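Below is one structure, written out as structure tokens, with a few remarks after it.
The values are calculated or read from the model by the stated rules, or taken from the named source; none is laboratory data. Quantities reported herein were computed from a predicted structural model and do not represent experimental measurements. Methodologically, a virtual Cβ is constructed for each residue, glycine included, from the backbone with ideal geometry; neighbour enumeration extends over all protein chains shown. Keep in mind that these areas ignore ligands, DNA and RNA; they rest on the heavy atoms of the full protein, side chains included. Shrake-Rupley method; radii C 1.70, N 1.55, O 1.52, S 1.80 Å.
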Amino acid sequence: MTALAEDGVPAEELLARLDELRSADLPTHGGSVMAYVYDSGVATLDAVAAAAQERFQWTNALDPTAFPSVAVLENEVVRAVASRLGGGPDTAGTFTSGGTESCLLAVLAARERSLSAQPELVLPATAHAAFRKAAHLFRLRVVDVPVDPLTGAVRPSDVAGAITTDTALVVVSAPSYPHGVLDPVPEVAALAAEQEVPCHVDACIGGWVLAFLDDAPPFDLSVPGVTSLSVDLHKYGYAPKGASVLLTADAALRRAHYFVSADWPGYPVVNPTLAGTRPAGPLAAAWATLRLLGGSGYRRLATAAR
């Protein structure tokens, strides 16, 4: 099928074609594929998440005044995530399409609040490439910081030497994507706070697992000096793809990554993320997944994964 058919194609033929295409893909269940898919092994989860997504597949999260349900879902997802990741009464958050968008928005917010004419982004060598993408898009200069060759974690002293008056944001990983190593979040965040520099914790790949391990080292918003944190629900949150959350220590920092405009003949534009139209299906699926598994379910899965 290479061109739009003049007459409609029967549904059975369309679905058969999709099955044929999928047959060449790597499996999405069974735990045989790393990084791209995450299978909880919970038998009922797929059906519940798919049913939730279907109920919202035509809903547009662009305008919560037209679809107030999406505001309720987003607020409940953000509150649920923040409650497990050190959030306090001032914590704010945004549901995004994935870890890359969460990281982009964190960098954008820091850049918007920076007073430097040439803002800098302090990155450990193991920080996710999404931050380099953010620096490219938003015109920040990357300051690379090496990691300890034995531990794979960034050294606080190296971060301290990289911070200048132009530093807009310091990034640490909990854990890092390449090696699964936790950077020393409390020490780095304290250094950043001393210089009045924001500190972002990238917890996208495994932060949701750490949240349910009693012996996990401190890494979340409860750590003094941590100003924002990103975590993916479509990884070890086991929600379908298109689900991440960016948490900020306060609402003012969240507002810094908003785009707002009424300077055109159309509707007032208020975009909390990079997208305009936002599909609500992944949000509903993530909401359902969080509620179906609950704290005990995630704790069991995190313990089993150790």
Complete set of residues in the stretch 161-184 that are within 14 Å of residue 130 (Cα to Cα) and in a loop (DSSP other than H, G, I, E, B): 176, 177, 178
Odd one out for residue 292 among (1) of a type in the set (A, V, I, L, M, F, W, C); (2) in contact with a Phe, Trp or Tyr (Cβ under 8 Å, 6 or more places away or on another chain); (3) part of a helix (DSSP H, G or I): (2)
Residue tally, condition among the charged types (D, E, K, R) and touching a Lys or Arg at 6+ places or on another chain (Cβ under 9 Å), over the stretch 39-96: 1
Lone qualifier among 221, 253, 301, 290 - being over 19 Å from the mean Cα position of the chain (by Cα) and over 17 Å from residue 100 (Cβ atoms): 301
All positions within the stretch 115-163 that are more than 12 Å from residue 176 (Cβ to Cβ), open to solvent by less than 30 Å² (accessible area, probe 1.4 Å) and among the polar types (S, T, N, Q): 116
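Across the stretch 265-283, which residue is farthest from residue 109 (Cα to Cα) among those that are assigned to a helix (DSSP H, G or I) and either within 16 Å of the chain's Cα centre (by Cα) or charged (D, E, K, R) (or both)?
282
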Residues that are acidic (Asp, Glu) and either open to solvent by less than 30 Å² (accessible area, probe 1.4 Å) or under 30 Å from residue 301 (Cα atoms) (or both), drawn from the stretch 179-196: 183, 187
Cβ-Cβ under 6 Å pairs, at least 6 apart or on other chains, the stretch 245-266 side among the acidic types (Asp, Glu), far side open to solvent by 20 Å² or more (accessible area, probe 1.4 Å): 250/90
Every pair of residues 6+ apart whose Cβ atoms lie under 6 Å, when the first sits in the stretch 93-116 and is within 15 Å of residue 81 (Cβ to Cβ) while the second is part of a helix (DSSP H, G or I) and charged (D, E, K, R): 95/74
In the stretch 68-79, the residues that are under 17 Å from residue 231 (Cβ atoms) and open to solvent by 40 Å² or more (accessible area, probe 1.4 Å): 75, 76, 79
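Output the helices (runs of 4 or more DSSP H) that fall wholly within the stretch 19-123 and possess 1 or more residues being under 15 Å from the mean Cα position of the chain (by Cα), or say none. Talk me through it step by step, then tell me what you get.
On the way: elements: 45-55, 68-84, 99-113.
Those helices (runs of 4 or more DSSP H) span 68-84, 99-113.
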Members of the stretch 1-18 found to be without any contact (Cβ under 8 Å) to a residue 12 or more places away in the chain and assigned to a loop (DSSP other than H, G, I, E, B), listed by number: 2, 3, 4, 5, 6, 7, 8, 9, 10
Set 121, 108, 104, 85: member being among the hydrophobic types (A, V, I, L, M, F, W, C), closer than 23 Å to residue 276 by Cβ and touching a Ser or Thr at 6+ places or on another chain (Cβ under 9 Å): 104
